[in-house]
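Working notes, beginning with the structure itself.
The values are calculated or read from the model by the stated rules, or taken from the named source; none is laboratory data. None of the values given here were measured: they were computed from a predicted structure. With ideal geometry, Cβ positions are generated from the backbone for all residues, glycine too; neighbour counts draw on all protein chains shown. Accessible surface areas use protein heavy atoms only, side chains included; no ligands, DNA or RNA. Shrake-Rupley method; radii C 1.70, N 1.55, O 1.52, S 1.80 Å.
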Amino acid sequence: MTKTLNIFAVTRTTNKKDRKSSTYPFDGLSLDDRNPDFIQLLLPIWELLYRYYFRVQSDGWHHVPASGKMLVVGSHNGGIAAPDMFMFLYEWFRRYGTERLAYGLMHPTVWQVSPDIASMAVQCGALKAHPKMAIAALRKNAPVLVYPGGAQDVFRPHHLRDRIYFAGRKGFIKLALREEVPIVPIISHGAHDTLIVLADFYEQAKQLHEWGMPWLLGIDPVVFPVYLGLPWGLSIGPLPNLPLPVQIRTRVCEPIVFERYGSEAARDRDYVDACFELVTTQMQEQLDCLVDN
């Protein structure tokens, strides 16, 4: 309980300071809102989940460059809870400390759904998912974490749980080429069993919306999954969930360095497609090995 109170005390203190600035509340548009002290308060909670609830096993951390900018690209699982993402963050901070600059891109919808959760995420290094923010962080020589598949990835049907699925999004490739940074892929297995996504009925829900059904909170959810999990049993729509205590395994893969970089390379559609195929193929190969072992 003391830890929880301390966490919110840090949040309130920082909020008071930011009320005096144009960036209050934490809008994900500043590199200066990251708060190492706040991250430090979360680590004991994450450690309990890491060691005893998800019993995480991980390898490949020797592939992470000791310093410098990089684009860390992952495929995440397990609904809104996305436990593999948080467990990766815990191990990152445990290994490299909370002072080492690192940022992650977060979908703008989070600010619409819960500004309080968004403000906590911002203090952990979250930035609004926009190219200009990613570029600013990379030019500060910091690693940037991105999950290109977004909601379609984290809520992909259970039969696709062992597939790398980025929903065709290739912006991260263009970013890496333009900013001349290596891609460090991360993969995980197990988190997609913390809930069972039966299917995605977004197209049907979108049709109902066009006929007059309002979106919850007035926000287009992008996905409309039906899943089995806690606490709802059967859930309809992208509702928050409590992940089941399934073991999670993660792997940091060897950095991918492309043959050529620069703005011209980023504008070459065929080259971008080839780089995308290279990244997803290598990630799929590593995920297959993780599943088989």
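Quick check on my filter: what residues within region 241-293 are more than 30 Å from L230 (Cβ to Cβ) and in contact with a Cys (Cβ under 6 Å, 6 or more places away or on another chain)? Within region 241-293, F258 is the sole residue that qualifies. Helices (runs of 4 or more DSSP H) fully within region 99-190 that include at least 1 residues being under 21 Å from E254 (Cα atoms): 131-138, 171-179. Going by the conditions given, is L242 open to solvent by 60 Å² or more (accessible area, probe 1.4 Å), in contact with a strand residue (DSSP E or B) (Cβ under 6 Å, 6 or more places away or on another chain), in contact (Cβ under 8 Å) with a residue 60 or more places away in the chain and over 26 Å from A176 (Cα atoms)? Here the answer is yes, as L242 does meet what is asked. Total residues in region 140-165 satisfying the condition of being among the hydrophobic types (A, V, I, L, M, F, W, C) and in contact with a Lys or Arg (Cβ under 9 Å, 6 or more places away or on another chain): the figure is 2. When region 191-202 is filtered for residues that are touching a residue at least 40 places away in the same chain (Cβ under 8 Å) and either assigned to a helix (DSSP H, G or I) or β-branched (V, I, T) (or both), the ones remaining, listed by number, are A191, H192, D193, T194, V197.
What's the number of the only condition in (1) at pLDDT below 95; (2) under 14 Å from F172 (Cα atoms); (3) polar (S, T, N, Q) that N293 fails to meet? Every condition holds for N293 apart from (2).
Scanning region 103-125 for residues that are farther than 12 Å from I39 by Cα, aliphatic (A, V, I, L, M) and open to solvent by less than 20 Å² (accessible area, probe 1.4 Å) yields one hit, A118.
Residues that are at pLDDT 95 or above and over 18 Å from G125 (Cβ atoms) within region 54-82 comprise F54, R55, V56, Q57, S58, D59, G60, W61, H62, H63, listed in sequence order.
Tell me whether region 10-24 contains one or more residues that are part of a loop (DSSP other than H, G, I, E, B), open to solvent by 20 Å² or more (accessible area, probe 1.4 Å) and either within 30 Å of Y261 (Cβ to Cβ) or at pLDDT 95 or above (or both).
In the first step, residues of region 10-24 are kept if they are part of a loop (DSSP other than H, G, I, E, B); the result is 19-24.
Filter once more, so that each one left must be open to solvent by 20 Å² or more (accessible area, probe 1.4 Å): 19-24.
Filter again for either within 30 Å of Y261 (Cβ to Cβ) or at pLDDT 95 or above (or both), leaving none.
No: zero hits.
For region 221-231, name all the residues that are surrounded by 15 or more Cβ atoms within 10 Å (Cβ to Cβ) and outside any strand (DSSP E or B).
Quick first cut of region 221-231, residues surrounded by 15 or more Cβ atoms within 10 Å (Cβ to Cβ) only: 221-229.
P221, V222, V223, F224, listed by residue number.
Number of residues in region 203-220 that are closer than 13 Å to G237 by Cα, in a helix (DSSP H, G or I) and open to solvent by less than 70 Å² (accessible area, probe 1.4 Å): the value is 1.
Which residues, taken from region 151-178, are touching a strand residue (DSSP E or B) at 6+ places or on another chain (Cβ under 8 Å) and among the acidic types (D, E)? The answer is D162, and nothing else. Answer yes or no as to whether K128 is within 20 Å of I39 (Cα to Cα) and open to solvent by 20 Å² or more (accessible area, probe 1.4 Å). The answer is yes for K128.
Count of region 134-153 residues, restricted to those that are open to solvent by 10 Å² or more (accessible area, probe 1.4 Å) and either of a type in the set (S, T, N, Q) or at negative phi (or both), is 11.
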